[in-house]
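Working notes, structure below.
Every read-out reported here was derived from the displayed coordinates using simple, explicitly stated rules and does not represent laboratory data. The model shown is predicted, which means the values in this text are computed figures rather than measured ones. FYI the Cβ positions are ideal-geometry reconstructions off the backbone, even for glycines, and counts take in every protein chain you see.
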Amino acid sequence: MHKNQPSEIGALLLDIGAMLMSSGANTNRIRLTIQRIGKSYNYKTDFLITHRAIILTLKDSSGNVSFNELKQTYAHIPNFKIVSGLSKLSWRIVEEKFSVKKARKEVKRLKALPHYPRFLVLSVVAFACSSFCRLNGGSFIEMAIVFIAAFLGLFLKQELAKKKVNPFFNIFIASFFSAMLAGAMGQLLPYGHDRIIFITSILYLIPGIQLINSITDILDGNTLNGIVRAFIGLVVSFSISTGLLLAILIFNTN
């Protein structure tokens, strides 16, 4: 049955690969997932995975090329529900012998999973930043300052993303805004650690996933993707530090 529908299998594999890349999976996880599913449908998979696109070739048991296509990845927005869901799906396809139609239906369900409420995300991220402030000796007043600055900074970042603002410029603006807000509130309220409120108010912008995946990719031998991720992480870090530095210079903080 599967040999008669290589185009459907190929489209499914490309879609899964693109979703994994866009959701923050490392290259090795994408490779293993595609290979696992392709093998379950009796096809050998040859592919090239890059940060922006995936090229896939399917070969049947005789070595004949049955499918060859390229698919661009989606916008890169970390979503570990998608990553874990697709990984589990790949094993279910193998163990439960899913048809392509059933697998496609499950992928569609994963795409439609609701995100956490926006207010909850903003609150939890802001609370995490304020917690780091506390861990570094900040007072409860400083925690409150950091919470508000991070909450509103992330809100602004999300709004700019909706307007398709360049992501690096977006991060610069968010960093500058959060640091300026923290500094302004710090002028009105008593505090003792000016460095802490500036630094912890922009922690939500740190590109942890990019930097971790860059190291993982390089160690796994996926050097090109690792370098790309590392460079993106470097540019993001530069955008964050530039916005923070500008705010600190404005407040003349030493």
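Side notes on the structure shown:
- Net charge of neighbours whose Cβ lies under 11 Å from the Cβ of T27, counting Lys and Arg as +1 and Asp and Glu as -1: +1
- Inter-label distance, nm, simple model (7 Å from Cα along the C-beta direction), I55/L113: 3.2 nm
- When the trypsin sites (Lys or Arg not before Pro) in the range 16-60 are filtered for DSSP coil states and for at most 13 other beta-carbon atoms within 10 Å of their beta-carbon, the remaining sites are R52.
- Loop-resident sites, the range 73-150, for trypsin sites (Lys or Arg not before Pro), counting at most 15 other Cβ within 10 Å (DSSP): K97
- Rg and Dmax over the alpha-carbon atoms of the range 147-254 stand at 15.5, 52 Å.
- Ranked V83, V65, criterion: other C-beta atoms within 10 Å, fewest first: V65, V83
- Sequence-ordered 3J(HN,Hα) estimates for the range 28-37 from the Karplus curve with 6.51, -1.76 and 1.60 and θ = phi - 60° stand at 5, 4, 4, 4, 5, 5, 5, 4, 4, 5 Hz, glycine and proline given as x.
- Given charges at beta-carbon only (K, R positive; D, E negative), |dipole| of the chain in Debye: 980 debye
- Mean shadow area of the chain, taken as a quarter of the surface of its Cα convex hull (nm²): 15.2 nm²
- Our Cα-only numbers for the range 179-232 put the radius of gyration and Dmax at 17.4, 52 Å.
- Oblate is the label for the range 2-111, because the ratio a/c of its alpha-carbon gyration tensor axes (a ≥ b ≥ c) is 1.5 or higher and a/b is not greater than b/c.
- Farthest positive-ward along the chain dipole, Cα basis, beta-carbon charges - from S178, F67, S214: F67
- Given +1 at the Cβ of Lys and Arg, -1 at the Cβ of Asp and Glu and no other charges, the dipole of the range 34-131 around its Cα centre is 320 debye to the nearest 20.
- Taking 0.36 nm per residue of separation and subtracting the Cα-Cα distance, full extension of the segment from K44 to L245 would add 67.2 nm.
- Sparse-neighbourhood loop sites, trypsin sites (Lys or Arg not before Pro) in the range 149-239 - DSSP loop, at most 10 other Cβ within 10 angstrom: K163, K164
- Counting charges near G208 (Lys, Arg +1; Asp, Glu -1) among other residues having Cβ under 15 Å from its Cβ returns a value of 0.
- Taking amide H as placed 1.01 Å from N in the peptide plane, F67 has its amide H under 5 Å from the amide H of L58, each at least 5 places away in sequence or on another chain.
- Within the same chain, lysines fewer than 8 places from K108 are excluded, and of the rest, those with a Cα less than 21 Å from its Cα are K71, K81, K88, K97.
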